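Shown next, in structure tokens, is the structure this report addresses.
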Amino acid sequence: MSEAVTESLTETPYFPMERDPRCPFDPPEGTKKLREINPVSRVEIWDGSKPWLITGLEAQKELLGDPRISVDEKLPGFPHWNEGMAANVGIRPKSVFNSDGEEHARFRRMMTRAFTVKRVKALRPFIQQTVDELIDAMVAGPKPADLVEKLALPVPSIVICQMLGVPYENHDFFQENSVQAVDRYATPEQNMQAFANMFMFMLEIVQKKMEDPADDVLSDFAGYARDGEIDAAEAAQMGLGMLIAGHETSANMIALGTLALLENPDQLEMIRDAEDDTVVADAVEELMRYLGIIHNGQRRIALEDIDISGQHIKAGDGVIIELSSSNWDPAAFPEPERLDITRSARLHTGFGFGPHQCIGQQLARAELQIVYSTLLKRLPDLAVAIPADRVEFKSDRLAYGVYSLPVTW
Ligand code: HEM
């Protein structure tokens with residue numbers, strides 16, 4: 001452990017913590033240390049406030065399922081991710097992300113209706129075709145190629161645009177704005193502008209689909225608005241939430257997962273040579289556990305006093321649930337630092353836990369399974385084209401990943 005971390009543990013440690021650049025897949029040493037000391041500990045964040053950081057799997061599951069824990073970001077004491085998120089809290093309409101209880105259940109029902117088993121199943125051939133075409137285009141172009149640009153980013157963007165009924169031609173616009181929206185160091189103005197740009201664009205499509213619906217998810221949301229179940233702004237916000245949540249995360253998993261497999265050739269071979277789909281399905285669960293791309297903590301606030309792990313969380317205290325460190329909790333996953341696609345990792349919390357658990361997880365699983373198996377089978381000589389220590393990792397974004405990944409084959 002670095003001296004800085006040891007020193008800071010004598011006071012209240014700062015969160016988020018730095019990862020060790022020599023072990024880019026490991027969660028920060030500081031969160032590991034905190035989990036060993038007490039999985040429910042105080043940290044300090046950007047605004048000087050001291051919310052609780054929850055680093056152990058058991059404590060996390062307990063709190064994520066506890067109705068005394070809220071996602072209401074407007075309550076004083078809520079531990080916002082950065083200044084921009086705090087400053088613009090008033091302009092974000094209600095959605096699944098910031099509502100609790102019955103109100104949350106109502107939004108969530110409308111969204112989960114969009115993810116019918118039939119719709120996700122019907123998307124599989126489309127995902128496969130998209131992946132095949134993108135790999136064809138990559139191999140027809142020059143070597144090395146950037147895997148992020150050629151495959152990791154376009155696959156989930158094309159799929160979510162198709163599902164929502166948003167023209168993919170607008171992906172550059174969304175990409176630029178969503179980068180600002182999830183950048184830790186974006187100013188409040190940049191953050192607000194990015195959200196406003198995307199929101200207005202989405203609202204316009206929703207309004208069109210209220211008049212002229214098609215067979216897509218935004219038309220479903222527009223239908224709820226037309227029937228008065230929600231208003232058009234809430235429908236646009238649901239669509240925007242899905243667009244952002246549905247491509248940044250999967251894109252990071254594709255690129256970082258490929259890198260992790262290239263660095264663990266024995267695990268990669270098992271996926272490449274697999275004839276049984278369950279091998280790839282299990283590998284995706286293990287990569288979700290191992291990579292911990294959701295590394296900035298799920299933000300919550302206590303509505304009532306809660307006693308947990310010998311600590312007393314008071315009503316009004318901020319709570320941050322740090323998923324990447326708990327997926328390396330050795331009590332749940334022995335030898336967590338070992339990427340082992342044969343282990344049983346299905347109980348990981350990479351998609352969250354409790355009432356706010358990821359709505360798009362079946363879609364994300366389908367995308368990851370198809371990408372890893374197709375890429376590794378089609379390009380058996382795939383390799384990173386630069387020295388490992390020159391790969392740049394995204395520590396400044398909501399989700400962890402790589403900015404680019406030059407590969408050759
Ligand atoms: C590998 C890819 C993905 C990862 C790692 C991921 C991770 C997560 C996590 C950890 C949460 C819980 C948030 C919380 O408790 O505060 C979540 C929620 C959510 N995710 Fe995902 N997600 C992924 C893909 C997707 C996709 C593809 C979609 C949609 C198309 C999606 C839509 C959502 C939505 C709408 C929520 C909010 C649910 C609620 O608050 O009730 N996600 N996701």
Return a yes/no flag: does the stretch 180-191 have any residue that is touching an Asp or Glu at 6+ places or on another chain (Cβ under 8 Å), within 16 Å of the ligand (Cβ to nearest atom) and assigned to a helix (DSSP H, G or I). no
Write out, first by first residue and then by second, each pair whose Cβ atoms fall under 6 Å of each other, whose residues are 6+ apart or on separate chains, and whose first residue, in the stretch 131-144, is touching a residue at least 40 places away in the same chain (Cβ under 8 Å) while the second is among the charged types (D, E, K, R). ILE135/ARG378
If you scan the stretch 360-403, which residues turn out to be assigned to a loop (DSSP other than H, G, I, E, B), closer than 30 Å to ARG299 by Cβ and among the β-branched types (Val, Ile, Thr)? VAL391
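Out of the residues in the stretch 93-104 that are out of contact with any His (no Cβ under 7 Å at 6 or more places or on another chain) and open to solvent by less than 20 Å² (accessible area, probe 1.4 Å), state the one that is nearest to PRO16 (Cα to Cα). I'd like the intermediate steps shown before the answer.
Residues of the stretch 93-104 out of contact with any His (no Cβ under 7 Å at 6 or more places or on another chain): 93-95, 97-104.
Now narrow it down to the ones that are open to solvent by less than 20 Å² (accessible area, probe 1.4 Å): 95, 98-99, 104.
Numbers: SER95: 26, ASN98: 21, SER99: 24, HIS104: 28 Å.
Per the stated criteria, the residue is ASN98.
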Being buried (at least 21 other Cβ atoms within 10 Å of the Cβ) and small (Gly, Ala, Ser), is that true of even one residue in the stretch 389-404? yes
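Could we say that SER309 is within 15 Å of the ligand (Cβ to nearest atom) and either in contact with a helix residue (DSSP H, G or I) (Cβ under 6 Å, 6 or more places away or on another chain) or closer than 19 Å to VAL96 by Cα (or both) here?
On the way: within 15 Å of the ligand (Cβ to nearest atom): no; either in contact with a helix residue (DSSP H, G or I) (Cβ under 6 Å, 6 or more places away or on another chain) or closer than 19 Å to VAL96 by Cα (or both): yes.
So SER309 does not fit the description; no.
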Just one of PHE173, PHE107 is at pLDDT below 95, part of a helix (DSSP H, G or I) and open to solvent by less than 20 Å² (accessible area, probe 1.4 Å); which is it? PHE107
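Just to be sure before I move on: is ALA315 more than 10 Å from the ligand (Cβ to nearest atom), crowded, with 20+ Cβ neighbours inside 10 Å, at pLDDT 95 or above and under 26 Å from MET17 (Cα atoms) in the structure I sent? Spell out how you get there, then give the answer.
Values: more than 10 Å from the ligand (Cβ to nearest atom): yes; crowded, with 20+ Cβ neighbours inside 10 Å: no; at pLDDT 95 or above: yes; under 26 Å from MET17 (Cα atoms): yes.
No; evaluated as a whole, the condition is false for this residue.
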Flagged in the stretch 219-228 as surrounded by 16 or more Cβ atoms within 10 Å (Cβ to Cβ) and either among the hydroxyl-bearing types (Ser, Thr, Tyr) or not in a helix (DSSP H, G or I) (or both), in numbering order, are SER219, TYR224
Would you confirm, using the coordinates I've provided, whether MET202 is modelled with pLDDT under 95, more than 30 Å from THR374 (Cα to Cα) and within 13 Å of the ligand (Cβ to nearest atom)? no
Top-ranked residue in the stretch 83-104 [being more than 9 Å from the ligand (Cβ to nearest atom) and among the hydrophobic types (A, V, I, L, M, F, W, C); ranked as nearest to ASP72 (Cα to Cα)]: VAL89
So is ALA152 open to solvent by less than 10 Å² (accessible area, probe 1.4 Å), over 21 Å from the mean Cα position of the chain (by Cα) and modelled with pLDDT of 95 or more or not? no
If PRO336 meets every condition in (1) more than 11 Å from the ligand (Cβ to nearest atom); (2) over 26 Å from VAL155 (Cα atoms); (3) surrounded by fewer than 20 Cβ atoms within 10 Å (Cβ to Cβ) apart from one, which number is that one? (3)
Is the stretch 276-283 home to any residue that is touching a Ser or Thr at 6+ places or on another chain (Cβ under 9 Å) and charged (D, E, K, R)? yes
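Got a sec? Which of ASP277, ASP231, ASP266 is under 18 Å from ALA196 (Cα atoms), surrounded by fewer than 21 Cβ atoms within 10 Å (Cβ to Cβ) and more than 14 Å from the ligand (Cβ to nearest atom)? Please lay out each step first, then the result.
Numbers: ASP277 fails: under 18 Å from ALA196 (Cα atoms); ASP266 fails: under 18 Å from ALA196 (Cα atoms).
That would be ASP231, the only listed residue that is under 18 Å from ALA196 (Cα atoms), surrounded by fewer than 21 Cβ atoms within 10 Å (Cβ to Cβ) and more than 14 Å from the ligand (Cβ to nearest atom).
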Exactly one condition in (1) at pLDDT 95 or above; (2) more than 30 Å from PHE97 (Cβ to Cβ) is false for PRO387; which is it? (1)
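Looking only at residues in the stretch 45-82 that are in a helix (DSSP H, G or I) and crowded, with 16+ Cβ neighbours inside 10 Å, which one is nearest to the ligand (Cβ to nearest atom)? Write out each step before concluding.
Taking the stretch 45-82 first, the residues in a helix (DSSP H, G or I) are 57-64.
From what is left, the residues that are crowded, with 16+ Cβ neighbours inside 10 Å are 57, 59-64.
Numbers: LEU57: 14, ALA59: 15, GLN60: 10, LYS61: 12, GLU62: 14, LEU63: 11, LEU64: 6 Å.
Looking at the filtered set, the residue picked out is LEU64.
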Checked pairs for the stretch 33-44, first open to solvent by less than 10 Å² (accessible area, probe 1.4 Å), second assigned to a helix (DSSP H, G or I), C-beta under 6 Å and 6 or more apart or across chains, list as VAL40/ALA59
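The values are calculated or read from the model by the stated rules, or taken from the named source; none is laboratory data. If you're wondering where the values come from, they're calculated on a predicted model, not measured in any experiment. We place every Cβ from the backbone using ideal geometry, glycine too, and count neighbours over all the protein chains shown. Heads up: the accessible areas ignore ligands, DNA and RNA and are worked out on the full protein's heavy atoms, side chains in. Shrake-Rupley method; radii C 1.70, N 1.55, O 1.52, S 1.80 Å.
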